[in-house]
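For reference, the structure is listed below as C-alpha cells.
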Amino acid sequence: MLKILASDLIKMKRKIIWLLIFLGPFGVAALEAVNFGLRYEYLTKEYEKDLWGGLINEAGFLATPALMLGLTLIASMIASIEHQTNAWKQLLALPVSKLRIFTGKMLLASLLLLISSTLLLIFVLILGLVLKFGSDFPLLGLAKMAYYPYLASMTFIAVQIWLSISMKNQAIPLTVGILGTILSLISFRFPDWLPWKWPLLENSWGDPAYSALAGLAFGIVIYFLGAVDFTRKDVN
Amino acid sequence: MKETIIKTSGLSKKFGTRYAVANVDLHIPRGEIYGFLGPNGAGKTTTIRMLLGLAKPTNGTIQIFGKDLKKEKLEVLKRVGSLVEYPSYYGHLTARENLEAIRILLDAPKTRIDEVLSIVRLTREAKRPVKGFSLGMKQRLGIAAALLGNPELLILDEPTNGLDPSGILEIRELIKSMPKEHGITILVSSHLLSEIDLMATQVGIISKGRMIFQDSIETLRRRSSSNIVIKTDEAEEAWKLLLSKGHNAELEQGRLQLSNISDHEISKVIAELVESRFPVYRVQEEKKSLEDIFLELTGGEGGL
Ligand SMILES: Nc1ncnc2c1ncn2[C@@H]1O[C@H](COP(=O)(O)OP(=O)(O)O)[C@@H](O)[C@H]1O
Ligand SMILES: [Mg+2]
C-alpha cells in the first residue's frame, strides 16, 4: 500500500493541487482575519466570555463549505491525472490489484485533506494569537473545529472519489460536489440522517462527535461500494 | 515442441448484442514475434485488453505462461509488459519521473530505469516533461515502461500507429531485436500487413472478431506463391475430368486453377489433359501477393 501511495505522490509533483491544499485553510484564516479586523469591537463583545471559542465558531462556519468544495476539486484532480492520457490501462495492467489502486486514491485524497485540516488548525491558532486572545488556547476545541468536519465529510470524499474515477467527464462529479456544498450550507433544518448536514456538525443530540462518526462510518461503506464497483468494471 | 506462452480458447467479448471478439483461439509459442493482424475494428485491442485483465471475457479462457489469467492475474501480469493503443503518460512529469512512478509499483531496481531509457534511446531526453515529446518519443517511453519489469512477454498494440516512417523503422528494429537479445516473446498488433510482414515470425489474422488464419509467416507466404493456372478449351469439361481423376482443381473465369500443388502432380495433370485431347494453351504460376491473401481472407475489407 505504501508503494502505491509513493507512486501517487510522484504523480502529484508540481501540481496546483498542493497550492489548493494550502490555499483552502489559508483563505479561511484570512477571511476570519478580515472578519475580526473589521468587526473587532462587535465580535469581541459578542464572544466576550470565550474569545477563542468565538474564533473557533466563526472559522468552523467558513471551513465547512471550503472543505466540501476542496474535497470535490481534489478528488477530481486525483482522478484526472489518470484520465488525461487514459493512464488507467497502463496502471491497471501492472501487477497491482484494482482494489489497492482504488484504495490508494481514496487514501491520497484523505491524506491531502488531513493536511489541509491540520493547516487550518495552525492558521487559526496563529490568528488567535495575533488577535491576542490569550496564550491559554483550547487545543481540543481547535482540533475539533479542524478534524470533526473532516471526519464528517469522509462520506463525500468517498462519493467524489468514486464518481471522479468512474467517469472521464469531470463535469458530473464537479456539479454533484458543488451542489452538495450548497446543500450542506442550507441543511440546518434538514433531518439528522441527511449526510449533507453532517459536516455542519449540527445534530439533535447536540454533540458534534455524532456527526463526525456518522460521516466516517458511512464514508467507509461508500468507499467499500466504490471499490467493489471499480474492481468489477472493465477498464476503458 | 516449444512452450506455449499465450493460449486462449473460445475467447469472446460481447458489447451490447454484438460480439467484438468471437471464439478466438490464440496460440503463441515462446520466443516468437506474433503479428496480430486485422483491419480497424476487427477486435485486436479488445482481445489484447482481455489478455491484460483490463476487460473481462464474455466467454472463453485465457492461459498465459500456463496459468489461468482469471485465477492468477497478478502472478501473470508480473511477467508481462504492455502498451495498449495510444501511449499513456503523465505529461507534467519528466520521462524519468514517469518511469519512477511505475517502477515503484513493480519493485524493480532503480538502475532498471537507466537501462530501459537507453534501450529506447531516450536517455538524453529523460529530464524533459513528457508533454513536450513527439508522438514517437511518447511511444518509445511507453515501450520503456513496458520493459521496466523485465517482462518475458511483451504485448504491444499498434505501436507504430501514427508515427512517421523513421519512427516506424525505429520501433520495428527495437521490436525485432527483443527476442534475440532478451529472449522475450512478443505479441504485436497492426492493421498493416506490410508491418507484420517485416517483423513477425507467427501471424494471426482477425477479421470481424474472428480468427481467420493462424500460422507461421512462411506458411502464409507459401500460400501466396503456389497457384497454378491452366488455360484450355472447354474448361468445364476439362475441370470435370480433373475432378474425376481426383485432383483438387477449381474452375474460375474459364480457367483451371490448382493451388498448393506439387511439380509431380502438375505434370500428371497436364499429361491427363493432353491424353484426353484438351488443348493446353498455357500453364502459368500466379503469384498472389500477401496483400491479395489478406484481402481474400478478410473478404476484401480493409487493406493498406
Ligand atoms: N467499450 C466498448 N463498447 C462498445 N463497443 C466497443 C468497445 N470497445 C470496442 N468496441 C467495438 O468493438 C469492435 C472492435 O474494436 P477494437 O478491438 O478496438 O478493434 P481494433 O483494435 O482491431 O481496431 C469495434 O467495432 C468497436 O467499435
Ligand atoms: Mg485497436
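For residue B:61, which of the numbered conditions (1) surrounded by fewer than 21 Cβ atoms within 10 Å (Cβ to Cβ); (2) within 13 Å of ligand 2 (Cβ to nearest atom) fails to hold? If we test residue B:61 against (1) surrounded by fewer than 21 Cβ atoms within 10 Å (Cβ to Cβ); (2) within 13 Å of ligand 2 (Cβ to nearest atom), just (2) comes out false. Per the listing A:85, A:44, A:72, the residue uniquely of a type in the set (S, T, N, Q), outside any loop (DSSP other than H, G, I, E, B) and without any contact (Cβ under 8 Å) to a residue 40 or more places away in the chain is A:44.
In the set B:16, B:10, B:53, only one residue is without any contact (Cβ under 8 Å) to a residue 24 or more places away in the chain and more than 16 Å from ligand 2 (Cβ to nearest atom); that residue is B:16. Residues that are within 16 Å of ligand 1 (Cβ to nearest atom), more than 14 Å from every other protein chain (Cβ to nearest Cβ) and assigned to a strand (DSSP E or B) within region B:152-209 comprise B:188, B:189, B:190, B:203, B:204, B:205, B:206, B:207, listed in sequence order. Counting only residues that are under 15 Å from residue B:170 (Cβ atoms) and within 30 Å of the chain's Cα centre (by Cα), region B:124-146 holds 12 of them.
In region A:171-194, the residues that are polar (S, T, N, Q) reach residues that are open to solvent by 50 Å² or more (accessible area, probe 1.4 Å) with C-beta atoms within less than 6 angstrom, at least six apart or across chains, in these pairs: A:181/A:69; A:184/A:196; A:187/A:196. In the set B:80, B:120, only one residue is more than 13 Å from chain A (Cβ to nearest Cβ), open to solvent by less than 50 Å² (accessible area, probe 1.4 Å) and in contact (Cβ under 8 Å) with a residue 12 or more places away in the chain; that residue is B:120.
Looking across region B:209-223 at every residue that is more than 15 Å from residue B:26 (Cβ to Cβ) and surrounded by 18 or more Cβ atoms within 10 Å (Cβ to Cβ), the one that is farthest from ligand 2 (Cβ to nearest atom) is identified as B:223. Can you work out which of the residues in region B:251-270 that are surrounded by fewer than 16 Cβ atoms within 10 Å (Cβ to Cβ) and within 14 Å of residue B:288 (Cβ to Cβ) is modelled with the lowest pLDDT? The selected residue is B:260.
Taking the numbered list (1) open to solvent by 10 Å² or more (accessible area, probe 1.4 Å); (2) within 16 Å of ligand 2 (Cβ to nearest atom) in turn, residue B:168 passes all entries but (2).
Within the option set A:85, A:155, A:72, A:64, being within 14 Å of chain B (Cβ to nearest Cβ) and among the polar types (S, T, N, Q) holds for one residue only, A:85. Please verify whether residue B:127 is touching a strand residue (DSSP E or B) at 6+ places or on another chain (Cβ under 6 Å) and more than 9 Å from chain A (Cβ to nearest Cβ), treating the condition exactly as stated. When the stated conditions are applied, residue B:127 passes them. Is it true that some residue in region B:52-63 is modelled with pLDDT of 95 or more, within 14 Å of another protein chain (Cβ to nearest Cβ), in a loop (DSSP other than H, G, I, E, B) and within 21 Å of residue A:8 (Cα to Cα)? Yes, there is a match, as at least one residue in region B:52-63 is modelled with pLDDT of 95 or more, within 14 Å of another protein chain (Cβ to nearest Cβ), in a loop (DSSP other than H, G, I, E, B) and within 21 Å of residue A:8 (Cα to Cα). Every condition in (1) outside the structural domain of residue B:175 (by the TED database); (2) of a type outside the set (Val, Ile, Thr); (3) away from ligand 1 (no atom under 16 Å from the Cβ) is met by residue B:75 except one, and the failing one is (1).
The sole residue among B:219, B:201 that is under 17 Å from the mean Cα position of the chain (by Cα) and without any contact (Cβ under 8 Å) to a residue 40 or more places away in the chain is B:219. All conditions but one from (1) away from ligand 2 (no atom under 16 Å from the Cβ); (2) not in a loop (DSSP other than H, G, I, E, B) apply to residue B:36; the one that does not is (1).
Any residue in region A:105-117 that is within 14 Å of chain B (Cβ to nearest Cβ) and touching a residue at least 12 places away in the same chain (Cβ under 8 Å)? Within region A:105-117, one or more residues are within 14 Å of chain B (Cβ to nearest Cβ) and touching a residue at least 12 places away in the same chain (Cβ under 8 Å). For region B:92-107, filtered to residues that are within 7 Å of chain A (Cβ to nearest Cβ) and part of a loop (DSSP other than H, G, I, E, B), the residue that is surrounded by the most Cβ atoms within 10 Å (Cβ to Cβ) is B:93.
The values are calculated or read from the model by the stated rules, or taken from the named source; none is laboratory data. Because the structure is a prediction, the values reported are computed rather than measured. Here Cβ is always computed from backbone atoms with ideal geometry, including for glycine, and neighbour counts include all displayed protein chains. Surface areas here come from the heavy atoms of the whole protein model, side chains and all, with no ligands, DNA or RNA. Shrake-Rupley method; radii C 1.70, N 1.55, O 1.52, S 1.80 Å.
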